[in-house]
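Undergrad: A single structure is presented below for examination.
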RNA sequence: CAGGAGUGACAGGUAGUUGCUGGUAGCAUUUAUGCUACGAGAGGAAAGUCCGGGCUGCACGCAAGAGAGGACUCCAUCUAACGGAUGGCCAGAGUAAUCUGAGGGCAAGUGCAACAGAGAGCAGGUAGCCAUACUUCGGUAUGGUCAUAGUGAAAGGGUGGGGUAAGAGCCCACCGGUGCCUAUGGUAACAUGGGCAGCCAGGUAAACCCUGUCUGCAGCAAGAAGCAUAUGGUAUGAACUCUUGCAUCGCCGUAAGGCAAAAAUGCUUCGCUUGAGCCUGUUGGCAACAGCAGGCCUAGAUAAAUAACUACCCAACGACAGAACCCGGCUUAUCGUUGCUCCUGACUA
RNA sequence: GGAACCAUCGCCAAGUUGGUAAGGCCGCAGCCUGCAAAGCUGCUAUUCGCCGGUUCGAGUCCGGCUGGUUCCU
């Protein structure tokens, strides 16, 4: 019994869900291309594109290209996407996520983009719920 | 009150909830992670990368070698240094406050100037003017001359008088400009005078070039250390050969490395923030700035932290915009709010 | 982050020492042909990426912006 309890504790401690720290970031263009090409589900909205690849690792990548604007606008787009991601982080399945920003993201309010994000997650079947 | 000129400051704030990146302290354990508390967390340009410096590596015998290349160029001061700043001088713009200026040398040398025009670089002579000769009395030829006309961005001083066949710095007076000498003021650039000379000497050096000053080359993806992976091996003494030797050349010299190792790939750590630092006061200076005293520690990330939401304030959901080794400048972008000083005009007292 | 370079007609481009922008393809018009193609002739840059400066005069020289490309990885 004790061992089992310890195991549960271990699992909880090693379960990275709940903190963005535990998601390893996607860095190189090779990794990004891997997610783009082998993604199990993708969903497009006017504000961003969500790529989801099922795997045993926890990985995230936020992308803001030069089309969005200068460095300030790119940083803001990535921050907004990160805020969306952190909000529902404890309900996500294992896998690699890539969020690509679009120029319309900066002009729309947070509540609208939040709805779009939740809808995209549903369509990609990334929620943990049964 | 209206219109200007200069120089500063700020770059949203407050409260709450949920989060991010470092630091310090404590606790826990699987010993590199988690939790809790406290405090910190982008700019005036962080930008462009246009200059200068620190720092690091390479080079480093001659170090103040030589030349090339590059940059700058009125004077003085400031600075670690600068192509920067401050104050002046000169030139230009403006009624003025004030602003703008790559602002040495073309009386060292070489080159360049399309078109137009007679002529564009040791000046020249188209029209014109004058004299002489000839004459068919229209003019033609030769010589003198350049004031006047025309061309051009620019035609070798200006005005007046004398002079002459006609004219001309040919001569004279005044003015402008140039060189030399000199007096006064100023640290100096230079300014204001005086004398003498010669008689005018064009523009262009962001054309070559000359004078003077500076300059070794590269950049934190510099460079150092650790772990893992696979590759690779002439010779064993020297020589040969290979690789490297950070722009060029001369003389001198003949370097370094080849398992006690080298280079490649991936990851990590250091470099990485206490510094020509900031703030306040005071002293010196017209000022840039410097000295002294006291106080402060103020981002250090790594696909890259400052966010999301709610409420209120406000003329305003705020302009331009995100540190990436660090400083000093320059340049460019910028919605506004606001302090101080000065100038001109109008009106009132 | 650092370093180097480029921009000329719709496309490809020349333009050395500053003097009024060659050429080819495409397009348009004409000739030729029964009609076309080919060929021949002619036309097409008012602003040389943009803004200033030097100069009598800048595609060219100098400074600053804008856009793009390449290298270090």
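Undergrad: Counting only residues that are within 16 Å of RNA strand B (Cβ to nearest atom), give me the strands (runs of 3 or more DSSP E) lying completely in segment A:24-130 with at least 2 of them.
TA: Per the criteria, A:48-53, A:58-63, A:95-101.
Undergrad: Can you tell which of A:81, A:105 is modelled with pLDDT of 80 or more, within 16 Å of residue A:20 (Cβ to Cβ) and in contact with a strand residue (DSSP E or B) (Cβ under 8 Å, 6 or more places away or on another chain)?
TA: After applying the criteria, what remains is A:81.
Undergrad: While we're on this one: Just to check your reading of the model, which residue among A:67, A:123 is surrounded by fewer than 17 Cβ atoms within 10 Å (Cβ to Cβ) and touching a helix residue (DSSP H, G or I) at 6+ places or on another chain (Cβ under 7 Å)?
TA: A:67
The values are calculated or read from the model by the stated rules, or taken from the named source; none is laboratory data. Everything quoted here is computed from the prediction, not taken from an experiment. With ideal geometry, Cβ positions are generated from the backbone for all residues, glycine too; neighbour counts draw on all protein chains shown.
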